[in-house]
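Heads up: the structure comes next, in structure tokens.
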Amino acid sequence: TSFETEEDFNAWTVFDTNEDEATWKFDSYGDPSHVYYSYHGSNAANDWLISPAITSTETGSIAVSFMTRGSSYGEKMEVFYGTTPTIDGMTNRITEEMNLNDTPQTLLYLINITANEPIYIGFRACSDANMWRLYVGDIKVQFTNNPVDICVTEITSPVSDFNLNE
């Protein structure tokens, strides 16, 4: 989803764990994404944005990519996945805590899945208090038959040189 509409956003689950109303929000004028974690002057972020169910008909791997951007103050986020759309269900870490500045970046991760067993992806805002905004968008999930992002297919080496045997 690129969160073009509020209906796209409303399909996701938001947990405002510290109940301060500074949480994941939709703004139709938002840039670079319409979805962001909002500012709070004294509370640190600890809120979740959890996806709708992602279910594959095949066992294998999915490639999950998303755009994120923090602010010049520096934002923090972690990404998890699990088998239920709850905070307790987010049992598998995709990323360590990321420090995000105001440069948009697209990240890609592979997740192993089992056919017909739904998973959910959770974005946890964990910025310190008194920061600005943390954006997430352009979330894509694609099944992949060949989950290799890079591999060596051939090494060309000189026939002889210093410390090389023929």
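The values are calculated or read from the model by the stated rules, or taken from the named source; none is laboratory data. As the structure is a prediction and not an experimental result, all values here were calculated from the model. A quick note on method: Cβ atoms are made from the backbone with ideal geometry, for glycine too, and the neighbour counts reach across all protein chains shown. We work out accessible area using only protein heavy atoms, side chains counted, and drop any ligands, DNA or RNA first. Shrake-Rupley method; radii C 1.70, N 1.55, O 1.52, S 1.80 Å.
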In Hz, Karplus ³J(HN,Hα) per residue of the stretch 22-32 (6.51, -1.76, 1.60; θ = phi - 60°; x = Gly, Pro) | 8, 8, 5, 9, 10, 9, 4, 9, x, 8, x
Just by accessible area at a 1.4 angstrom probe, what is the order of Thr55, Thr5 from largest to smallest?
-> Thr55, Thr5
Met98 - accessible surface, heavy atoms, 1.4 Å probe, Å² rounded to 10 | 30 Å²
Per-residue SASA entry for Glu154, accessible area with 1.4 Å probe, Å² rounded to 10 | 140 Å²
For the stretch 83-155, state the semi-axes of the equivalent ellipsoid (square roots of 5 times the eigenvalues of the alpha-carbon gyration tensor), sorted largest first and rounded to whole angstrom.
-> 27, 21, 11
Accessible-area ranking of Lys25, Lys76, Lys140, largest first, probe 1.4 Å = Lys140, Lys25, Lys76
To the nearest 10 square angstrom, how much accessible area does Glu4 have with a 1.4 angstrom probe?
-> 110 Å²
Heavy-atom accessible area per residue, the stretch 53-138, 1.4 Å probe: how many Å²?
-> 47 Å²
Hey, what did the stretch 1-110 get for relative contact order, percent, Cα under 8 Å, at least 6 apart?
-> 23 percent
Normalising by the residue count of the stretch 61-158, find the relative contact order in percent from Cα pairs under 8 Å and 6+ residues apart.
-> 44 percent
Quick one: order Trp132, Trp48 from most to least accessible surface, probe 1.4 Å.
-> Trp132, Trp48
Total charge of the residues flanking Tyr37 in space, meaning their Cβ is under 13 Å from its Cβ, with Lys and Arg +1 and Asp and Glu -1, is -3
Output the relative contact order of the stretch 12-61, whole-number percent, from Cα pairs under 8 angstrom with separation of 6+ residues.
-> 44 percent
Round to the nearest 0.05 the FRET efficiency obtained for Thr5 and Thr95 when R0 = 22 Å and r is the Cβ-Cβ distance.
-> 0.25
Once every DSSP H run of n ≥ 4 in the chain is given -39500 (n - 2.57) and the sum is divided by its residues, what mean residue ellipticity at 222 nm do you get, rounded to the nearest 500 deg cm²/dmol?
-> -500 deg cm²/dmol
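Diagonalise the Cα gyration tensor of the chain and give the resulting equivalent ellipsoid semi-axes, square root of 5 times each eigenvalue, largest first, whole Å.
Here the semi-axes work out to 35, 22, 14 Å.
Dipole size in debye (nearest 20) for the stretch 13-68 around its Cα centre, Lys and Arg Cβ +1, Asp and Glu Cβ -1?
Here the size comes out at about 180 debye.
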Percent of accessible area on the chain owned by carbon and sulfur, 1.4 Å probe?
-> 45 percent
